[in-house]
Amino acid sequence: MSVQLDTLERQAQSCQACALGATRTTLVWGSGNPSAEIMFIGEAPGRKEDEGGLPFIGAAGKHLDEFLDVAGFKRDDIYIANVLKCRPPNNRDPQPGEIEACQHWLIDQIHLIGPRIIVTLGAFSTRWVLGKDTVISAVQGKVFQHDNYFILPCYHPAAIIYDNSKSDAFYQVARNIAQL
């Protein structure tokens with residue numbers, strides 16, 4: 001399975017399906033256990049991730065690490081990916097055409113990893129999984145079943161940096177994972 005993910009990542013390295021391919025420093029494919037039961041999906045790499053080539057290594061990553069600690073996991077236990085594999089300029093929101101161009105990579109990652117639980121981090125990944133009209137504040141912390149997956153929408157770790165009132169709800173999701 002890891003070999004298939006590695007092959008897919010090598011193919012993605014040359015992707016130019018949208019304009020972000022020409023502006024990225026590094027493709028941010030994903031990281032973690034390729035056989036993980038839990039997969040986290042964020043929206044897009046930020047500056048630190050674009051420089052380092054790994055998801056969630058900036059300020060939001062520190063909150064994700066704390067989330068994992070509360071849930072009883074380490075990064076090696078789970079798999080982390082993003083809807084987009086390249087950083088949008090100035091960390092702007094992903095555009096519909098970029099999501100469309102990139103989504104087949106994420107679909108393939110999900111199929112190869114075969115997680116039991118998918119935790120969507122933030123509005124864009126939640127809408128990608130549950131539907132375009134989904135409002136993260138309305139579904140935060142609720143459990144959905146889609147195909148063979150439990151879907152657990154959660155605020156993006158960066159959201160609690162900017163709005164600490166979301167912190168309790170964010171960490172409650174970490175405590176709820178054990179119940180699935």
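The values are calculated or read from the model by the stated rules, or taken from the named source; none is laboratory data. Nothing here was measured: the structure is a model prediction, and the numbers come from that model. So basically every Cβ, Gly included, is an ideal-geometry build from the backbone, and we count neighbours across all protein chains shown. With ligands, DNA and RNA removed, areas are computed over all heavy atoms of the protein, side chains included. Shrake-Rupley method; radii C 1.70, N 1.55, O 1.52, S 1.80 Å.
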Share, in percent, of DSSP beta bridges within segment 1-142 that are antiparallel, nearest 5: 20
Can you give the Rg/Rh ratio of segment 12-57, where Rg is from the C-alpha atoms and Rh is the Kirkwood radius? 0.99
Which value at 222 nm does the chain reach when only helices count, each DSSP H run of 4 or more adding -39,500 (n - 2.57), with the total divided by all residues and rounded to the nearest 500 deg cm²/dmol? -12500 deg cm²/dmol
Under 5 Å between amide hydrogens, which residues at least 5 positions from Ile78 or on another chain qualify, with H placed 1.01 Å from N in the peptide plane? Asn33
With a cut-off of at most 14 other beta carbons within 10 Å, and DSSP calling the residue loop, which trypsin sites (Lys or Arg not before Pro) in segment 19-111 qualify? Please list them. Lys74, Arg92
Can you classify segment 113-180 as rounded, prolate or oblate using the Cα gyration tensor, where a ≥ b ≥ c are the square roots of its eigenvalues, rounded means a/c under 1.5, and otherwise it's prolate if a/b beats b/c and oblate if not? oblate
Per residue, how much accessible surface does the chain expose to a 1.4 Å probe? Answer in Å², no decimals. 48
What is the log10 of I(q)/I(0) for segment 76-148, computed with the Debye formula using one identical point scatterer on each Cα and no solvent, at q = 0.20, 0.22, 0.28 Å⁻¹? -0.98, -1.16, -1.52
Using only the alpha-carbon atoms, what does the chain span along each of its principal axes? Please give whole angstrom values in decreasing order. 40, 35, 30
Share of carbon and sulfur in the accessible heavy-atom surface of the chain [1.4 Å probe, %]: 49
